[in-house]
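*Asks:* My questions all concern the structure below.
The values are calculated or read from the model by the stated rules, or taken from the named source; none is laboratory data. As the structure is a computational prediction, the values presented were derived from the model and not from experiment. Using ideal geometry, Cβ is built from the backbone for each residue, glycine included, and neighbour counts are taken over all protein chains shown.
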Amino acid sequence: MLADGYALRPLSIDDAGPLADAAERNRDHLRPWEPARPESFFTEEGQREVVEGRLRQVELGLFDSWVLWHGTDVVGAATLQNIVRGAMLGADVGYWVDHAHLRRGLAVASLEHLVQRGHDLGLHRLGASTMVANLPSQSVLQRCGFEEIGRIPSFLYLDGDWRDSILFNLVLHDGPPRS
Ligand SMILES: CC(C)(COP(=O)(O)OP(=O)(O)OC[C@H]1O[C@@H](n2cnc3c(N)ncnc32)[C@H](O)[C@@H]1OP(=O)(O)O)[C@@H](O)C(=O)NCCC(=O)NCCS
């Protein structure tokens, strides 16, 4: 459950300004864990393009995108990405929390929300990958019941190099895919 004063809301085109402010405030905090960002990423105009692209993915059923708010500030995000149907019926999770709001259970609450969304969408499993050095994120996944399934070398190009990652898995249900 989210701490008092925080709310998760679906991504909206109106979020571009607060998202740009959050990206700027969290440049250093997120740099080690995210792909390199162009300068436009830190502007409202640039974020508008990012959000428009993301909302198209949401419409296609490929993403389920949530923004974490504290008052009028964006302080995080939580996303089901790469949603696939058919025999795989899964998605990958992604999340971050503002550097000034850490250790309040917000990442765990955001990931619990994504797990619930996975159930709502009838998905079979959720996956996650974290850089080997990202111990906080690994704790968050374990707290939410994700199981470590192995290590994959040179998995993602982050912070200037190909990084080994640890993969996690959570099976939501073992029933047949619903039609
Ligand atoms: C990883 C991240 C999302 C954690 O956010 P958070 O809101 O601080 O996490 P929570 O408060 O829900 O933490 C839950 C537990 O994770 C562990 N944890 C979180 N941050 C930790 C840290 N810096 N060191 C050690 N353990 C940590 C603790 O066990 C914590 O519980 P506790 O506070 O009761 O001890 C945040 O640090 C972040 O945004 N990092 C950069 C982006 C990122 O790594 N995203 C995930 C990519 S896979």
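*Asks:* For residues in segment 17-38 being within 11 Å of the ligand (Cβ to nearest atom) and among the acidic types (Asp, Glu), which is surrounded by the fewest Cβ atoms within 10 Å (Cβ to Cβ)?
*Replies:* Asp28
*Asks:* If the requirement is being over 19 Å from His124 (Cβ atoms) and of a type in the set (Asp, Glu), which of these qualifies: Asp92, Asp98, Asp64?
*Replies:* Details: Asp92 fails: over 19 Å from His124 (Cβ atoms); Asp64 fails: over 19 Å from His124 (Cβ atoms).
That would be Asp98, the only listed residue that is over 19 Å from His124 (Cβ atoms) and of a type in the set (Asp, Glu).
*Asks:* Then there is this: Is it true that Leu62 is closer than 20 Å to Leu111 by Cα and in contact (Cβ under 8 Å) with a residue 24 or more places away in the chain? Step through it out loud before you land on a result.
*Replies:* Numbers: closer than 20 Å to Leu111 by Cα: yes; in contact (Cβ under 8 Å) with a residue 24 or more places away in the chain: no.
So Leu62 fails the test.
*Asks:* Return the only residue of Ser110, Ser154, Ser137, Ser129 being surrounded by 17 or more Cβ atoms within 10 Å (Cβ to Cβ) and free of Cβ contacts under 8 Å to residues at least 60 places away in the same chain. Let's see the steps before the verdict.
*Replies:* Values: Ser110 fails: free of Cβ contacts under 8 Å to residues at least 60 places away in the same chain; Ser154 fails: surrounded by 17 or more Cβ atoms within 10 Å (Cβ to Cβ); Ser137 fails: free of Cβ contacts under 8 Å to residues at least 60 places away in the same chain.
Within the list Ser110, Ser154, Ser137, Ser129, the selection yields Ser129.
*Asks:* Only residues that are touching a strand residue (DSSP E or B) at 6+ places or on another chain (Cβ under 8 Å) and either part of a strand (DSSP E or B) or touching a residue at least 60 places away in the same chain (Cβ under 8 Å) (or both): list them for segment 157-179, please. Don't jump to the end; show me each part of the working.
*Replies:* Within segment 157-179, the subset touching a strand residue (DSSP E or B) at 6+ places or on another chain (Cβ under 8 Å) is 157-158, 162-172.
Listed by number, the residues that qualify are Tyr157, Leu158, Trp162, Arg163, Asp164, Ser165, Ile166, Leu167, Phe168, Asn169, Leu170, Val171.
*Asks:* So, in segment 63-115, of the ones that are more than 10 Å from the ligand (Cβ to nearest atom) and of a type in the set (Ser, Thr, Tyr), which residue ends up nearest to Val50 (Cα to Cα)?
*Replies:* Here the answer is Ser65.
*Asks:* Can you tell me which residues in segment 116-155 are hydrophobic (A, V, I, L, M, F, W, C), over 20 Å from Gly61 (Cα atoms) and either assigned to a strand (DSSP E or B) or away from the ligand (no atom under 15 Å from the Cβ) (or both)? Steps first, answer last, please.
*Replies:* Within segment 116-155, the first condition is being hydrophobic (A, V, I, L, M, F, W, C), and the residues that meet it are 121, 123, 126, 128, 131-133, 135, 140-141, 144, 146, 149, 152, 155.
Filter once more, so that each one left must be over 20 Å from Gly61 (Cα atoms): 131-133, 135, 140-141, 144, 146, 149, 152, 155.
Selection gives Met131, Ile149, Ile152, Phe155.
*Asks:* Would you call Arg143 within 17 Å of the chain's Cα centre (by Cα) and surrounded by fewer than 20 Cβ atoms within 10 Å (Cβ to Cβ)?
*Replies:* Values: within 17 Å of the chain's Cα centre (by Cα): yes; surrounded by fewer than 20 Cβ atoms within 10 Å (Cβ to Cβ): yes.
Yes; evaluated as a whole, the condition is true for this residue.
*Asks:* Among what's in segment 5-36 and is in a loop (DSSP other than H, G, I, E, B) and at pLDDT 95 or above, pick the residue that is nearest to Ser65 (Cα to Cα). First the steps, then the outcome.
*Replies:* Residues of segment 5-36 in a loop (DSSP other than H, G, I, E, B): 5, 11-12, 26, 34-36.
Okay, now just the ones that are also at pLDDT 95 or above, so 5, 11-12, 26.
Values: Gly5: 20, Leu11: 6, Ser12: 9, Asn26: 19 Å.
Ranking the candidates gives Leu11 first.
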